[in-house]
């Protein structure tokens, strides 16, 4: 955010940012293991879903995390 030089809670940025951050943190937590995510699309706008999933799967692959 331009012009703001202070920390802000992640919840200010909306459910999709919160959800994506949570998934990314879980991927780093379960490096080399299996991660099970229920309703991965929750909170992500359909117009952003393709990019979102592509990014999540690329990061999971780099961290050797498999989804079930």
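For region 10-20, filtered to residues that are without any contact (Cβ under 8 Å) to a residue 12 or more places away in the chain and surrounded by 13 or more Cβ atoms within 10 Å (Cβ to Cβ), the residue that is nearest to residue 57 (Cα to Cα) is 17. Scanning region 19-47 for residues being farther than 21 Å from residue 66 by Cβ and at pLDDT 90 or above gives a total of 1. In region 25-61, which residue that is in contact with a strand residue (DSSP E or B) (Cβ under 7 Å, 6 or more places away or on another chain) and within 22 Å of residue 14 (Cα to Cα) is surrounded by the most Cβ atoms within 10 Å (Cβ to Cβ)? For region 25-61, the residue satisfying everything is 27. In the condition set (1) in contact with a helix residue (DSSP H, G or I) (Cβ under 6 Å, 6 or more places away or on another chain); (2) in a helix (DSSP H, G or I), residue 44 is compliant with all but (2). Residues in region 21-39 that are out of contact with any helix residue (DSSP H, G or I) (no Cβ under 7 Å at 6 or more places or on another chain) and without any contact (Cβ under 8 Å) to a residue 24 or more places away in the chain: 22, 25, 26, 29, 38, 39.
The values are calculated or read from the model by the stated rules, or taken from the named source; none is laboratory data. All values reported here derive from a predicted model rather than from experimental measurement. Note: ideal-geometry Cβ built from the backbone for every residue, glycine included; neighbour counts use all protein chains shown.
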